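**Student:** Handing you a structure now.
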Amino acid sequence: MLSSTTDLQPLVISKVIDEVVDNFTTTVKMSVMYKSNQRVNNGHELFPSTLTSKPRVVVHGGDMRTFYTLIMTDPDAPGPSDPYLREYLHWIITDIPGTTDSSFGKEVVSYEMPRPNIGIHRIVFVLFKQKKKRLCHVITPPPCRDGFKTRFFADQYELGLPVAAVFFNCQRESAARRR
């Protein structure tokens, strides 16, 4: 097992565990890297201007016969003080073979870059180990990105608890910061 209390502590403190997913044990290592060479680390800040292209998400576990589903959401939409659109769905990829990256999976919901308008938003990547080999033919994309529920989606498609998760903070950039 990979998990320890310190691994999940940032997810607990930030309430990712509670507001997005239930408590889980990390059993697979996942890394998320944007083209700007910005690696996603729990609680670090990334700016929207560096998030224009979809990131490379690497699954460092399992084998080619084990498949994973990745979900990227914003639980703070439209703003952290009143997140009535929680969660805003940014991306879903299914059927990612273990030991590969997200480019080997099937994009069910296309990537949409985070564009927070109000406050600091948590952008969360959650990885699930699939019980079924292929999900892309089974999953119906949600009709709307607003109001997505990671827990409900995981229950609906029998994904169980996450095997990995990571989040970063993101806020609107001022014109001066973009230069």
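**Student:** With every protein chain kept in the model, how would you rank Arg145, Arg56, Arg151, Arg122 by accessible area, 1.4 Å probe, largest at the top? Intermediate results must be reported in sequence, preceding the final value.
**Tutor:** Values: Arg145 50, Arg56 135, Arg151 80, Arg122 25 Å².
Of Arg145, Arg56, Arg151, Arg122, the descending order of accessible area is Arg56, Arg151, Arg145, Arg122.
**Student:** Residues with beta-carbon under 12 Å from that of Thr73, excluding Thr73: net charge, scoring Lys, Arg +1 and Asp, Glu -1?
**Tutor:** It works out to a net charge of -1.
**Student:** Further question on the same structure: Hey, what number do you get for the chain at 222 nm if only DSSP H runs of n ≥ 4 count, each worth -39500 (n - 2.57), divided across all residues, to the nearest 500? Intermediate values should be presented prior to the final figure.
**Tutor:** Working: 4 runs with 24 residues, N = 179.
Computed mean residue ellipticity for the chain: -3000 deg cm²/dmol.
**Student:** Place +1 on the Cβ of every Lys and Arg and -1 on the Cβ of every Asp and Glu in the chain, take the dipole about the Cα centre, and give the residue among Val58, Gly79, Thr27 whose Cα lies farthest towards its positive end.
**Tutor:** Val58
**Student:** Right, something else. In terms of the Cα gyration tensor, with a ≥ b ≥ c the square roots of its eigenvalues, is the stretch 44-116 rounded because a/c is under 1.5, prolate because a/b exceeds b/c, or oblate? Can you show the working numbers first?
**Tutor:** On the way: a/c = 2.51, a/b = 1.98, b/c = 1.27.
Because a/c hits 1.5 or more and a/b exceeds b/c, the stretch 44-116 counts as prolate.
**Student:** Here is a further query. Determine the order of Tyr68, Tyr111 by accessible area, beginning with the largest, at a probe radius of 1.4 Å. Show your work: numbers first, answer last.
**Tutor:** Numbers: Tyr68 5, Tyr111 35 Å².
I get Tyr111, Tyr68, largest accessible area first.
**Student:** Over the alpha carbons of the stretch 77-169, what is the largest minus smallest coordinate on each principal axis, giving the biggest first in Å?
**Tutor:** Over the stretch 77-169, Cα extents along the principal axes are 39, 25, 22 Å.
**Student:** What percentage of all Cα-Cα pairs in the chain are separated by more than 27 Å?
**Tutor:** 20 percent
**Student:** Given the options Ala164, Ala154, Ala77, state which has the largest fluctuation in a GNM of the chain using a 10 Å cut-off (strictly under) for Cα springs.
**Tutor:** Ala154
**Student:** Can you compute the modelled spin-label distance between Asp82 and Leu161, with each label point 7 Å from Cα toward Cβ, in nm?
**Tutor:** It works out to 3.6 nm between the two label points.
**Student:** Tell me the accessible surface of Met64 in square angstrom (1.4 angstrom probe, heavy atoms of protein chains only), to the nearest ten.
**Tutor:** Accessible surface of Met64 is approximately 110 Å².
**Student:** Compute the FRET efficiency between Arg172 and Lys35 as 1/(1 + (r/R0)^6), taking r as their Cβ-Cβ distance and R0 = 30 Å, and round to the nearest 0.05. If you can, show how the numbers build up before the last one.
**Tutor:** Numbers: r = 21 Å, r/R0 = 0.69.
Efficiency, rounded to the nearest 0.05: 0.90.
**Student:** Same structure again: Taking the Cα centre of the chain as origin, sum charge times position over the Cβ atoms of Lys and Arg (+1) and Asp and Glu (-1), and report the length of that vector in debye to the nearest 20. Can you show the working numbers first?
**Tutor:** On the way: 23 positive and 18 negative charges, 110 e Å.
I would put it at about 520 debye.
**Student:** Report, for the chain, the % of DSSP beta bridges that are antiparallel, rounded to 5.
**Tutor:** Working: 30 of 32 bridges.
That works out to approximately 95 percent antiparallel.
**Student:** Rounded to the nearest 0.05, what FRET efficiency do Cys144 and Val12 give with R0 = 41 Å and r taken as the Cβ-Cβ distance? Could you check?
**Tutor:** Working: r = 29 Å, r/R0 = 0.71.
About 0.90, to the nearest 0.05.
The values are calculated or read from the model by the stated rules, or taken from the named source; none is laboratory data. Being a predicted model, the structure only gives us computed values, none of them experimental. Note: ideal-geometry Cβ built from the backbone for every residue, glycine included; neighbour counts use all protein chains shown. Each accessible area value is taken on the protein alone, full model and side chains, heavy atoms only, with ligands, DNA and RNA left out. Shrake-Rupley method; radii C 1.70, N 1.55, O 1.52, S 1.80 Å.
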